[in-house]
Structures are given as structure tokens and as C-alpha cells.
Amino acid sequence: MTPEKIKKLLAEGEGLTVEFKECVNELSNSVFETVCSFSNRYGGHMILGVDDNGVIIGVNPKAIKDIKRNFINMLSNPQKISPPLLLELEEVDFGGQTVLYVYVPISSQVELCSNKIYDRSGDADIDITRSTNLAADLYGRKSSAYTEREIFPFVTENELRFDLVERAQKMALGENRDHPWKGMSSMELMKSAGLYDEDWRTGKKGFNLACILLFGKDDVIRSCAPGFETDALVRRENIDRYDDRLIVGTNLIEAYDMLTEFIAKHTLDRFFLVDNQRVSVRSWIARELVSNILAHREYSKGFPAKIIIESDRIYTENWNRSNRHGRIDPNDFTPEPKNPIIAQFFVNIGRADKLGSGVRNLYKYTKIYSGGEPELIEGDVFKAIVPLIGIGAIGFTGDINEIEVAESLPDSNATKLPDNEMLPDKATKTLPDNEMLQNKATELLPNTVVGILTPTEIKFLNSLMTFFSIEEWITNTEAREASGKSESSVKRYMRNLINKGALESRGKTKNRQYRLILNGD
């Protein structure tokens, strides 16, 4: 949010989708009532540090840290806001005065504040808890607008995979060890996440479509959402049909894994320093594309989503419930969740960021990866196009693990990255004996070792060469990032390769590192 956009909101004044709060030193209860009413109506913009007349009075700089922390904590507390929301206050400077801004998106569920239902009318937050008709209208409006909220009363716990619920809980705690899901049972977690729903018009209770898509067994998903399918294709040589294909019709959690691995298999990886952290830019692009195609598509239509990898671009399309048409401008758009329950769940488990950040991330990381810009086009069919030109994978065919590692690192003529996103100095490091990066692991290991390795172990070692070209010692985490394998698989490979003399290790289990044993060591 920019000062110019804040000024436009101030000029408009308070109304159905704009609210000002003073909150100079602390949050008021009315802040959460407004969050609730915005969520239940059309969404809206809230600015703290502004009086009712739109005059900026500023937030006390010493109180900003506590206000932002308390805002997040209260929205994560189901006793205050239910279902919990993941929103953050953003600081905006006005010549020495600071205001705090947040955009509250519309929710597909009825939000409660302190067990009360608030709706927005004009510039007021109205408590409609005791009004049976108004509350029923609100529930009806929500259930008819969002497919993910459709209740399937005959789906029982027997049709769900609770191993995935446990996995999701661990993922959320991995993102935040004090996550509200900590200590919850599987049913408590699903109710907290809005996956067990109630329709006040009909009295139906049960698991909704969002729950079935996330945790349902495959046959249940096919029955409840017949059109749910994602078709991933590679078209580089055989452009009339495909070079490789993957059809995914399983739950969203495992579908995410399968689709990101497919993109990883057929595109080159690159590692850059971003905020002084070495990251795989390709992984971030895949993350945004896949999370978008799974979390923000319209599931009521029998239109299979597609991910198509071509020589110069990645192209995705999915059916969409659009409120606008045309190309999205990352500097001037209002994020609107298509499936807020699923999108919120992805944020909780670390597979998406807060609403609206995905568009900005895609622009940022595509610029780093290829020097180009993505195209995001709204319509009945949502389309995303990410170029692979520049330092991207032009003309690459086949499995990424069969490609020379030199092609996966930018050369000295690569586009300069902005500010702190420079390439690591070690990216041009050569291997011992003047062996350059194109050498595969089999050309560097002792011949006696190569002879006893299995083809899958050699393939696994080759996938690690990008990291080994930058650092002599790598970690389990880096091995997982480079290979795309699970934690248990990486540990098994590492153990076998150590036993066969291809790797050596140092350090204790938690911080263990590994080095390639080179011919002549």
C-alpha cells in the first residue's frame, strides 16, 4: 500500500468498504468488529491512526510493534475471531507520521467476533446475532456464492484421510510452533479451519467440499467434484500432443507435491541470494503457480485445470469465478479469494502467503529467474504465463537430472539482480582439478565407487551437483531442495552413499553435512 492510495481512501471517507480507527496506543475492540463485518459483507480497507473525519493523527511509533503483534494474535484466537483469520497490519509513512493499513477480504464463511455476528451497513458494524432473518440471509449469501462451502452430509470420517490431517498439523506447527492448531484433535482442527460446516437455512451439518478436496479419499473426491482434475503437460518437441504428461485427481495436499515435482523435473533450477538467504527461485515460481491453480479455481465446472511447460514459458489455466476481466496489474489490484477456506488452509501450512502476495511474488521471482514478467489474465478462464527466456530453460527437453549442471547456473552475463538479490560470489567456483560444473557425479567419483552405485543413486547424486558446485559441504535440507525427494528418502540415499564411499559426513544428526568424495582424495 502506498501513501497515494491511502490518500485516495481518506478522500473517499468512511463507508461500506472503508473504515478509520484512531488506535494511537493500542487496539480497540471495534477493530475486530470491523474485521468481522468486512469479512461478512464485501471486504474492505481499514486504516489505523486516522480519526473519523479522515485526518491523520498517526500511531505511536513505540506502540506499533505491540499493536501489530496483538492484531495477529487476536485474529488467530478462535475465542476472538472464528474461524481465525491470517491478516497483517502494514506500516505506511506520511512524512513522520505512521498509519497502519490492512485489507480485509470477503470470507466464504460467516465470521464471528466474540461469538457475535457482525454485518456492514453504510459505515457501521451491525450486530445481527439476535436477528434470525438477517443471520439466515447472511448464511444463505455465503453458501450460494462459494462452491467450497457445499455440505455433503453423508460423507463421514470413514471417507477422509486423517493421516493427511496429522501431516497438515505438523506442517502448520513447522511454520509456527505456537500455531492455534497445536494440541487440537483432527476434528477440532477441521472445525477450526471451517471444514466442518452448518447451513442455517436447511439445518444441514457436515464436511464441506473444501474438506473433501483437502482430505478426501480419491473415489470420494471424484464423486463430489467430478470435474476435479489437473492435467500437466510438457510440449517442447511434440507440440501437437506432448512429451510428458501427468494427470492429477487426488487430494490437494498430495496434488501440490505431484505438480511442483513435475515442474521441477522439466525446468532448470537456479539459486540466488534473496534477503541474504540462498533460495531456489524455480521452486518459488512453481509454488505460486500450483497453489493458485489448486486454491483459487472454481470447482463447480467440469473444466480440467492445465499446466503446460513449453520451450519458452510455463502456461496455466483454470476455470474462474471472475469479478473483472483483463490483465492483472500487480501495482493496482484488490485481491479477492475464490476459495477462502482452501486459500487460508494453504497459508496455514506454508504453501501460500497472505492474500495478494502471490501475485507480487510471481512478478518478483519471474524477474529474477528469466528477466521477464508474468502475465496474469482474469476471465471465465484464469490464465498465468511465466516466461522462461533470458537465463531460462530455452530448448531444454527431458528430465532436468539428465542436463549438464552448468546450464542451471547463470553466467557472468546474466541480468544483474536488484539490491540484495545478487548472485552468490561462489556461484562461479570450479571443482577440483579444474573440472567444470558440467561434470556429472560419475566423472568425479572414484571408479571403484561408481561401479557399485545403482542408477537411482547416480541420478540422486547428479541432482545435488548444483549445491556441490557452490559449497563443499551440503545439508539434508539442501539435498531435499535439490532432489525433490522426501526427508526419509534423502536420509536413506545419504546413508547408502556413505556406506558405498561416495559421500562422507560430519556433525551430529540435526546439523549433519555431507561432502562428495572425489577421485584422488
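The values are calculated or read from the model by the stated rules, or taken from the named source; none is laboratory data. What you see is a predicted model, and the numbers here were worked out from it, not measured in a lab. Ideal geometry is used to build each Cβ from the backbone, glycine not excepted, and the neighbour counts take in all protein chains shown. Note: areas computed on protein heavy atoms with side chains; ligands, DNA, RNA excluded. Shrake-Rupley method; radii C 1.70, N 1.55, O 1.52, S 1.80 Å.
Summary table
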| quantity | calculated |
| --- | --- |
| Accessible surface of region 1-147, 1.4 Å probe, proportion on carbon and sulfur as whole % | 47 percent |
| Cβ-placed point charges (K, R +1; D, E -1), dipole of region 110-268 about Cα centre in debye, nearest 20 | 220 debye |
| Region 85-150 versus region 1-37: alpha-carbon centroid distance in Å | 13 Å |
| Relative counts (whole %) of C-alpha pair distances in region 210-300, using bins that are 10 Å wide | 15, 39, 30, 14, 2 |
| Cα gyration tensor of region 191-245 - equivalent ellipsoid semi-axes, whole Å, descending | 37, 11, 9 |
| Gain upon complete extension [THR454, SER114; 0.36 nm per residue less C-alpha separation] | 116.4 nm |
| Expected-Rg normalisation [2.2 N^0.38 Å, Cα atoms] applied to region 137-256 | 1.27 |
| Across LYS301/LYS367; LYS265/LYS338; LYS383/LYS485, pairs whose alpha-carbon gap is larger than 31 Å | LYS301/LYS367 |
| Alpha-carbon Debye profile of region 1-109, log10 I(q)/I(0) at 0.10, 0.12, 0.17, 0.19 Å⁻¹ | -0.25, -0.36, -0.74, -0.93 |
| Shape category assigned to region 69-206 from the gyration tensor of Cα positions, a/c cut at 1.5 | oblate |
| Protection proxy ranking of 471-482, 26-37 - average other beta-carbon atoms within 10 Å, highest first | 26-37, 471-482 |
| Of every Cα-Cα pair in region 28-79, the percent that sits beyond 18 Å | 40 percent |
| Contact order normalised by residue count of region 1-66, Cα under 8 Å, 6+ apart, percent | 40 percent |
| Tail fraction, Cα-Cα pairs, region 97-163, threshold 20 Å, whole percent | 49 percent |
| Which listed pairs, of LYS21/LYS116; LYS182/LYS364; LYS65/LYS191; LYS191/LYS306, have C-alpha distances above 28 Å, in listed order | LYS182/LYS364; LYS65/LYS191; LYS191/LYS306 |
| Normalised contact order of region 118-201, rounded percent, pairs of Cα under 8 Å and 6 or more residues apart | 29 percent |
| Accessible solvent surface per residue of region 6-99, calculated while the other protein chains remain in place, 1.4 angstrom probe, Å² | 46 Å² |
